[in-house]
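**Q** Next up is a structure, given as structure tokens.
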Amino acid sequence: MADVLVLGGGMVGVATALALQDAGRDVVLVDRRQVGEETSYGNAGAIQTEAVEPYPLPLALSTLLKIAFKRSNDVSYHLNALPSYLRPLWHYFRASLPARHRAISRTYAGLVRRATTDHAPLIAAAGADNLIRRTGIRFVYRSQLALDAAAAEARRLSSDYGVEVVLQSAAALAVDEPHLKPGLAGAVHWPETWSCADPGGLTQAYARLFVSRGGSIVKGDAATLHEAENGWSVTASDGPVSAPEAVIALGPWSAELLKRFGYDIPLLRKRGYHRHFTGGGSLNAPMLLAESATVLSSMQKGLRVLTGAELASLDAPPTPVQLRRSTIAAASVINLGTPVETEAWFGSRPCMPDMLPLAGKAPRHKGLWFHFGHGHQGFTLGPTTARLLVEEMYTGKAPVPDLSPARLRYL
Ligand SMILES: Cc1cc2nc3c(=O)[nH]c(=O)nc-3n(C[C@H](O)[C@H](O)[C@H](O)COP(=O)(O)OP(=O)(O)OC[C@H]3O[C@@H](n4cnc5c(N)ncnc54)[C@H](O)[C@@H]3O)c2cc1C
């Protein structure tokens, strides 16, 4: 029998498996697909040490009205999904009030600032350096007014959290990114951020490292999880696998599974879309076109165009309106070439209303651990929160910062 079952083979689950292994535990990783094929595949691949303040719910009436009338490309929604979002949105609203958001940001900054340090040994041991660029990320603006406002905000973040920032004129931007079309005002460049040319590939490289160190990966459905005589058991393709402890790392699917165990977790799933384009220009670093809520990142498959958030049920059919707008915005700054896929990819950011991931003990079940809810930065934070979780599992001390589910009194 293994020591621990890790359910879910995205960046968070794989990093958890590696951290447990590092602590001397015998681990079985369970996924219903190949590892790294879901959200950890479809993201922008940025290891975002600049993302010190998590996205709050917009509170300005003008922004909320734009969202309500679907005039914003940052956020959209499916009307029929809204009733299920009311509770998470209410908690998200409370956590987004300025004083609370400042306190949350201090915690969040402490996590993201160590992300590249926590990824570095895994990248090296997995032999995955060829996937990594250490060229930062750029927030790019067309209007001088928007660039000036962003520059002021960037100076604040830099001074509050010690993040390195470089403000770039249009000319400096054109030197660093020669494939961009003219007409941009300039950029805010965050040089410390890293990025990955194949996020699913990096997750899979970490999984191969886990296997090479003696771990095993099995195909199985986490929905079969049940309490067994000596802990926890799931049915895998080759029969049952059991262990005294189990970690739920199912990303956006975590809350569904935990309903069965009596936990009503207000997970906010913010869907995003992407599509690749080839034969056009490429970028040396990922880029946020801030005025159109569009992210561009050069990947092995081509230039990936990604969108902001859509509030939709997990299994609702795709409505890639934001992607259509983002594609138009992307084509105005770079020659896109032709689309690689006929259909857009979509997946959901698993966000907790207080914007902090969950990493800790299940409040009412022995040997059960939660590790999900990394929102917009799960690819960044997987290895960092995995280390904190494993520290708590084997020292018994709640780590600093406190990411434990017990902080959510409404659970
Ligand atoms: C458009 C977009 C852009 C993003 N950009 C970035 C970025 O640049 N940087 C960043 O840090 N983050 C980014 N994110 C967020 C990031 O992708 C997620 O936070 C992260 O991938 C979550 O990882 P995870 O391991 O928790 O979930 P996942 O990667 O989704 O893994 C969950 C796993 O659970 C498995 N699973 C689900 N149900 C079952 C079941 N019943 N049985 C067995 N297995 C099951 C799935 O197959 C999957 O492998 C972005 C997200 C989106 C959508």
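The values are calculated or read from the model by the stated rules, or taken from the named source; none is laboratory data. The structure presented is a predicted model; accordingly, all values stated were derived computationally and were not measured. Don't worry about glycine lacking a Cβ; one is built from the backbone with ideal geometry, like all the others, and counts go over all protein chains shown. Quick note on the areas: whole protein, heavy atoms, side chains included, nothing else; ligands and nucleic acids left out. Shrake-Rupley method; radii C 1.70, N 1.55, O 1.52, S 1.80 Å.
**Q** Confirm whether VAL211 is more than 10 Å from the ligand (Cβ to nearest atom), without any contact (Cβ under 8 Å) to a residue 24 or more places away in the chain and among the β-branched types (Val, Ile, Thr).
**A** Against the criterion (more than 10 Å from the ligand (Cβ to nearest atom), without any contact (Cβ under 8 Å) to a residue 24 or more places away in the chain and among the β-branched types (Val, Ile, Thr)), VAL211 qualifies.
**Q** Just checking: which of the strands (runs of 3 or more DSSP E) contained wholly in the stretch 146-261 hold 3 or more residues that are open to solvent by less than 10 Å² (accessible area, probe 1.4 Å)?
**A** Answer list for the stretch 146-261: 186-190, 231-236, 245-248.
**Q** While we're looking at this one, here's another question. What are the residue pairs meeting all of these: first residue in the stretch 27-39, first residue buried (at least 23 other Cβ atoms within 10 Å of the Cβ), second residue among the β-branched types (Val, Ile, Thr) and not in a strand (DSSP E or B), Cβ atoms under 8 Å, and 6 or more apart or on different chains?
**A** LEU29/VAL14; LEU29/VAL35; VAL35/VAL14; VAL35/THR203; GLY36/VAL14; GLY36/THR203
**Q** Let me ask something else. Of the residues PRO339, PRO363, PRO317, which single one is of a type outside the set (D, E, K, R), more than 15 Å from the ligand (Cβ to nearest atom) and within 30 Å of PRO178 (Cβ to Cβ)?
**A** It is PRO339.
**Q** What is the number of the single condition among (1) within 21 Å of GLY186 (Cα to Cα); (2) open to solvent by 30 Å² or more (accessible area, probe 1.4 Å) that LEU296 does not meet?
**A** With (1) within 21 Å of GLY186 (Cα to Cα); (2) open to solvent by 30 Å² or more (accessible area, probe 1.4 Å) applied to LEU296, the lone miss is (2).
**Q** Any chance the stretch 117-132 includes a residue that's part of a helix (DSSP H, G or I), modelled with pLDDT of 95 or more, of a type outside the set (A, V, I, L, M, F, W, C) and buried (at least 18 other Cβ atoms within 10 Å of the Cβ)?
**A** Yes: one or more hits.
**Q** Any idea which of (1) closer than 22 Å to TYR141 by Cβ; (2) over 17 Å from the mean Cα position of the chain (by Cα); (3) not aliphatic (A, V, I, L, M) is the one HIS276 doesn't satisfy?
**A** Among (1) closer than 22 Å to TYR141 by Cβ; (2) over 17 Å from the mean Cα position of the chain (by Cα); (3) not aliphatic (A, V, I, L, M), HIS276 violates only (1).
**Q** Could you check, for the stretch 234-245, whether at least one of its residues is under 21 Å from ARG87 (Cα atoms) and more than 15 Å from the ligand (Cβ to nearest atom)?
**A** Checked the stretch 234-245: no residue is under 21 Å from ARG87 (Cα atoms) and more than 15 Å from the ligand (Cβ to nearest atom).
**Q** Considering the stretch 366-400 alone, what residues qualify as being on the phi < 0 side of the Ramachandran plot, open to solvent by less than 30 Å² (accessible area, probe 1.4 Å) and not hydrophobic (A, V, I, L, M, F, W, C)?
**A** HIS371, HIS374, GLN377, GLY378, THR380, GLY382, PRO383, THR384, THR385, GLU392, PRO399
**Q** Still on this structure: Before we move on, is ARG269 over 30 Å from LYS181 (Cα atoms) and away from the ligand (no atom under 11 Å from the Cβ)?
**A** For ARG269, the condition - over 30 Å from LYS181 (Cα atoms) and away from the ligand (no atom under 11 Å from the Cβ) - is not met.
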